[in-house]
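The values are calculated or read from the model by the stated rules, or taken from the named source; none is laboratory data. Predicted model, so just to flag it, every value in this text is computed and none were measured. Cβ placement follows ideal geometry from the backbone for every residue including glycine, while neighbour counts extend to all protein chains displayed. Remember, those area values only see protein heavy atoms, side chains included, never the ligands or the DNA or RNA. Shrake-Rupley method; radii C 1.70, N 1.55, O 1.52, S 1.80 Å.
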Amino acid sequence: MCDLYSRTQVSQRANERYLDAFSTLDDTTRMAELIRPLQQPREYRNRRVRALRPFADDYTLLEAVNHGEFMLYGLRNRDLQRLLYPGLAAGAVALEAKEKRRRSAAVSRKLRLLVAHGLLQKVQKTHRYQVTAAGRLAISAVLTIQQTSMAILAKAAA
């Protein structure tokens, strides 16, 4: 009972993040305005970061980050490893330490790429990343375009 106040605070913040995720569904920003900045290289901590390729190599990464389970509590490196390397799930076969480090490093680079483009932000004093509001919009735009047929787009344009 003594931690009731802190529990309400945490629950309230989780509810707000969840509602923010739903609010991205009703936005009037053009798709090109959301996606074009992602397709440009960026500077992050005085280093160049490559442009995202949202309709090619990075599509599965954006799909993985968009999982609903990550909207409330954020995501970790190991969460993305589980989604990006499904054949290598824990328990299937014990992976060598070298392979574990290689996968972890690859996912760390992908996380840095998403942070540099403003899609994720690091949660201080944790190993978690939270999807930003702009990130939710941009990821939703990419996934919607990829799943929408030309007939529906033609109706919307008319």
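Please determine, by comparing only the residues of the stretch 33-65 that are within 16 Å of the chain's Cα centre (by Cα) and of a type in the set (Ser, Thr, Tyr), which one is farthest from Ala106 (Cα to Cα). My answer is Tyr59. In the stretch 94-128, of all residues being out of contact with any helix residue (DSSP H, G or I) (no Cβ under 6 Å at 6 or more places or on another chain) and surrounded by 18 or more Cβ atoms within 10 Å (Cβ to Cβ), the one that is farthest from Arg42 (Cα to Cα) corresponds to Leu111. For the subset of the stretch 129-140 comprising residues that are touching a helix residue (DSSP H, G or I) at 6+ places or on another chain (Cβ under 7 Å) and under 20 Å from Thr29 (Cα atoms), which member is most open to solvent (accessible area, probe 1.4 Å)? Restricting to residues being touching a helix residue (DSSP H, G or I) at 6+ places or on another chain (Cβ under 7 Å) and under 20 Å from Thr29 (Cα atoms), the top hit is Ala133. Selection over the stretch 111-158 of residues that are at pLDDT 90 or above and assigned to a loop (DSSP other than H, G, I, E, B) gives a count of 10.
Quick one: count up the residues across the stretch 141-158 that are open to solvent by less than 30 Å² (accessible area, probe 1.4 Å) and more than 20 Å from Leu84 (Cβ to Cβ).
Within the stretch 141-158, residues that are open to solvent by less than 30 Å² (accessible area, probe 1.4 Å) and more than 20 Å from Leu84 (Cβ to Cβ) number 1.
From the list Leu52, Leu62, the one residue that fits, being open to solvent by less than 50 Å² (accessible area, probe 1.4 Å), assigned to a helix (DSSP H, G or I) and in contact (Cβ under 8 Å) with a residue 24 or more places away in the chain, is Leu62.
Here is the figure for the stretch 24-36: residues that are touching a residue at least 40 places away in the same chain (Cβ under 8 Å) and open to solvent by less than 60 Å² (accessible area, probe 1.4 Å) total 4.
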